[in-house]
Amino acid sequence: MISEQLQRKIDASIKLLRAVQKSRPNEIIEVAYSGGKDSDVILQLAKEAGINYEAIYKNTTIDPPGTIKHAENMGVEIIRPKKTFFQLIEENGLPSRFSRHCCRFLKEYKILDKVVIGVRREESIKRADRYKEPTECRLYGSKKEHVEAIYPILEWTTQDVADFLQ
């Protein structure tokens, strides 16, 4: 059941998505889809907001088959990388928190100028510290490509997500 408090969050999320779309009515907005519960929420919010979007799953080549199947069932476009995870390791060594080369090539690159991402501050202390606003300018890759990132569920809790999906 949707509580009054959750309905306010849903309404605010939809209002944010519509406001982003309003600045460029014909622009297509990427919905960054990972196959998880937060991605299911942002995909549904994009539908309810009526924005022009393209849901995209960036395959890392080591993803569980069930996750890929779920993305396909949700009507999400699967983008396959030029190099596999294992090819990147052969070329650059194992990734670490100091060397995130795999993410750069497999997940963190520009598709469209605007991207909806299912980040929630509640997920970790680092996310709570890093994400202060529901939108921000992000730079991807060595070319420093500009992307406007939109976080419509930034203030949602794990319980909000579960209740929404139910």
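The values are calculated or read from the model by the stated rules, or taken from the named source; none is laboratory data. Worth saying up front: this structure is predicted, and the values here are computed from it rather than measured. So basically every Cβ, Gly included, is an ideal-geometry build from the backbone, and we count neighbours across all protein chains shown. Areas reflect the complete protein model, heavy atoms only, side chains present, ligands, DNA and RNA absent. Shrake-Rupley method; radii C 1.70, N 1.55, O 1.52, S 1.80 Å.
Pairs over the 29 Å Cα-Cα cut-off, from the set K83/K132; K9/K82; K83/K143; K15/K83; K15/K107; K15/K126: K83/K132; K9/K82; K15/K83.
Sum -39500 (n - 2.57) across every DSSP H segment of at least 4 residues in the chain, then divide by the residue count to get the 222 nm mean residue ellipticity, nearest 500. Provide the component values of the computation, followed by the final result.
Working: 7 runs with 69 residues, N = 166.
Helix contribution divided over all residues of the chain: -12000 deg cm²/dmol.
Using a/c under 1.5 as the rounded threshold, could you call segment 82-126 rounded, prolate or oblate? The axes a ≥ b ≥ c are square roots of the C-alpha gyration tensor eigenvalues, and prolate needs a/b larger than b/c, oblate otherwise. Verdict is oblate for segment 82-126.
Return the equivalent ellipsoid semi-axes of the chain as a descending list in whole Å, where each equals the square root of 5 times an eigenvalue of the C-alpha gyration tensor. Kindly include the intermediate steps, with their values, before the conclusion.
Numbers: eigenvalues 146, 62, 56 Å².
Rounded to whole Å, the semi-axes are 27, 18, 17.
Listed values for segment 86-91 are Karplus-derived 3J(HN,Hα) couplings in whole Hz (6.51 cos²θ - 1.76 cosθ + 1.60, θ = phi - 60°), namely 6, 5, 5, 5, 4, 7, and x replaces Gly and Pro. Solvent exposure of segment 39-121 amounts to 55 Å² per residue of accessible area, where only protein heavy atoms count and the probe is 1.4 Å.
Quick one: length gained pulling E90 to T158 fully straight, 0.36 nm per residue minus the C-alpha distance?
Details: separation 68, 0.36 × 68 = 24.48 nm, distance 3.74 nm.
Using 0.36 nm per residue and subtracting the Cα-Cα distance, I get 20.7 nm.
For the pair H101 and S124, the difference between a 0.36 nm per residue extended length and the Cα-Cα distance amounts to 6.0 nm. Whole-Hz Karplus values for segment 61-70 come out as 6, 10, 6, x, x, x, 5, 5, 4, 4 Hz, taken residue by residue from phi with 6.51 cos²θ - 1.76 cosθ + 1.60 and θ = phi - 60°; glycine and proline positions read x. The slack in the chain from E54 to A19, taken as 0.36 nm per residue of separation less the alpha-carbon distance, amounts to 10.9 nm. Extending 7 Å from Cα along the Cβ direction at M1 and again at E136 yields two label points whose distance is 3.7 nm.
Which value, in Å³ per residue, describes the convex hull spanned by the Cα atoms of segment 97-166? Intermediate values should be presented prior to the final figure.
Values: hull volume 8.1 nm³, N = 70.
Spread over its residues, the Cα hull of segment 97-166 gives 116 Å³ apiece.
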